[in-house]
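Take a look at the structure set out below.
The values are calculated or read from the model by the stated rules, or taken from the named source; none is laboratory data. Worth saying up front: this structure is predicted, and the values here are computed from it rather than measured. In this analysis, Cβ positions are derived from the backbone assuming ideal geometry, glycine residues included, and neighbour counts consider all displayed protein chains.
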Amino acid sequence: MATQIFVNLPVKDLNRSKEFFTKLGYTFNPQFTDEKAACMIISDTIYVMLLIETFFQTFTKKEIIDAHKSVECSIALSADSKDAVNEMVHKAEAAGATIPNPASDYGFMYQHSFEDLDGHHWEFIWMDPKGMPEHQS
């Protein structure tokens, strides 16, 4: 069995977050979705658990940061093309996301990002393996 990843993110308004990510084309697994949490399906092995803050807090004694002011991680996902990167970021912006930086094009790699409704940072990246620079020792 392939390793699966479950990214857990605290959200202020679960229904609003589900509506936002649905506009980006994501779906949710109803078996793991209720009034406290929603299991967003990224792929067969990648899931994002959107957890209302009070429920998220039951898993840690640490303070939940305000992702609009601080960052703890950046969620980076690959895309099939530069156009696919731009399409996802444009969908996110239309759904209410903010765009913190313009896209970056390094020739072999193209990336663009957005911050979701709760301020979590999402990167979408396309890489051309034929154009990757050789590793220098």
Just name the residue that is farthest from Val7 (Cα to Cα) out of those in region 75-106 that are free of Cβ contacts under 8 Å to residues at least 24 places away in the same chain and of a type in the set (A, V, I, L, M, F, W, C).
Ala103
Of (1) acidic (Asp, Glu); (2) surrounded by 12 or more Cβ atoms within 10 Å (Cβ to Cβ); (3) assigned to a loop (DSSP other than H, G, I, E, B), Asp66 satisfies all except one. Which?
(2)
Of the numbered conditions (1) free of Cβ contacts under 8 Å to residues at least 60 places away in the same chain; (2) of a type outside the set (Gly, Ala, Ser); (3) within 14 Å of Asp116 (Cβ to Cβ), Phe28 satisfies every one except a single condition; which is it?
(3)
What single numbered condition from (1) over 17 Å from His121 (Cα atoms); (2) surrounded by 18 or more Cβ atoms within 10 Å (Cβ to Cβ); (3) of a type outside the set (Asp, Glu) fails to hold for Phe21?
(1)
Out of Gly119, Gly107, Gly131, I need the residue that is out of contact with any Pro (no Cβ under 7 Å at 6 or more places or on another chain) and at pLDDT 95 or above. Which one?
Gly119
Any hit, region 92-111, residues being part of a strand (DSSP E or B), touching a strand residue (DSSP E or B) at 6+ places or on another chain (Cβ under 6 Å) and surrounded by 17 or more Cβ atoms within 10 Å (Cβ to Cβ)
yes
Within region 24-44, residues hydroxyl-bearing (Ser, Thr, Tyr), under 20 Å from His121 (Cα atoms), part of a loop (DSSP other than H, G, I, E, B) and in contact with a strand residue (DSSP E or B) (Cβ under 8 Å, 6 or more places away or on another chain) come out as Tyr26
When you go through Val71, Val48, Val7 one by one, which is the residue that is modelled with pLDDT under 95, surrounded by 12 or more Cβ atoms within 10 Å (Cβ to Cβ) and out of contact with any Ser or Thr (no Cβ under 6 Å at 6 or more places or on another chain)?
Val71
Kindly establish whether Met49 is of a type outside the set (D, E, K, R) and part of a strand (DSSP E or B).
yes
